[in-house]
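The values are calculated or read from the model by the stated rules, or taken from the named source; none is laboratory data. In this text the structure is predicted, and so the values were computed from the model without any measurement. Neighbour counts are summed over all protein chains in view; Cβ atoms, including those assigned to glycine, are modelled from backbone coordinates with ideal geometry.
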Amino acid sequence: MFDQANRQRAGCLTPIFTLTPVRMKNLILATCIAAGVSAAPVALAGPGEGAHTGAMMVRATTLTRALAHRIHFNEAQYLAVKQLHLQMLTERRDLEILLNGASAEERDTRLAFAQQRYEADLASLLRPQQLVAYHSLRSSFTAHRVK
C-alpha cells in the first residue's frame, strides 16, 4: 500500500479513506448520538427555566406546596401550578426591574394587572371545588393580613 507521498508522486487522486455505505451509516449514527447527548440538558429544562434563579425555583416550590396542602392538586395540576408560579415570579421580577424609575401608580397598576392574569390562569387550572377552596383561603389570608 502506498503512503500519502507515494500517492501524490504517482498522480493518484483517490483518497486514503473511502466512505463505504457501512462507514457512512456509522458516521451518521455517531453524529446523531453526539447531537442527542449534547441536546439532552436543553430538552430536560422546561420552557423558560434558564431565566429562573435557584431562589425563584425554591419560592415557586414553596408556594405550590403550600397551596397543594390546602387545595389538594393532582400531579398534573401541581406541575402546571408550579410552572404558573415560576412565570408569575419571573414576570414580577422583570416588572420591578423594568419599572424601577416609574411612578408608584404605574408600577402598582402593572403589578395588579399581572396578579389578575395569574388569578385567571390559576382559575383555569382548578376544578370548581378547588376554586371555592382557593377563594376561601385567599379571603381568610387577606382578612388575616388586614388585621
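Points to keep in mind about this one:
- Breaking point among (1) modelled with pLDDT of 90 or more; (2) exposed (fewer than 11 other Cβ atoms within 10 Å of the Cβ); (3) outside any helix (DSSP H, G or I); (4) not charged (D, E, K, R), for ALA76: (3)
- Within the stretch 101-121, the set of residues being in contact with a helix residue (DSSP H, G or I) (Cβ under 7 Å, 6 or more places away or on another chain) and not small (Gly, Ala, Ser) comprises ARG110, LEU111, TYR118, ASP121.
- Test for THR142: is it in a helix (DSSP H, G or I) and either surrounded by fewer than 13 Cβ atoms within 10 Å (Cβ to Cβ) or at pLDDT 95 or above (or both): yes
- Set GLN83, GLN87, GLN116: member being loosely packed, with under 13 Cβ neighbours inside 10 Å, free of Cβ contacts under 8 Å to residues at least 40 places away in the same chain and polar (S, T, N, Q): GLN116
- Hits in the stretch 113-126 (condition: under 19 Å from LEU137 (Cα atoms) and aliphatic (A, V, I, L, M)): ALA120, LEU122, ALA123, LEU125, LEU126
- Cβ-Cβ under 7 Å pairs, at least 6 apart or on other chains, the stretch 94-105 side part of a loop (DSSP other than H, G, I, E, B), far side at pLDDT 85 or above and surrounded by 10 or more Cβ atoms within 10 Å (Cβ to Cβ): LEU99/GLU106; LEU99/ARG107; LEU99/ARG110
- Sole exception among (1) in the same structural domain as VAL132 (by TED's automatic domain parsing); (2) surrounded by 10 or more Cβ atoms within 10 Å (Cβ to Cβ); (3) at pLDDT below 95 for SER103, by number: (2)
- The single condition among (1) exposed (fewer than 13 other Cβ atoms within 10 Å of the Cβ); (2) touching a helix residue (DSSP H, G or I) at 6+ places or on another chain (Cβ under 9 Å); (3) closer than 21 Å to LEU131 by Cβ that LEU98 does not meet is (3).
- As a summary of the residue check, ALA133 satisfies the conditions (1) touching a residue at least 40 places away in the same chain (Cβ under 8 Å); (2) buried (at least 16 other Cβ atoms within 10 Å of the Cβ); (3) closer than 19 Å to THR61 by Cβ except for the one numbered (3).
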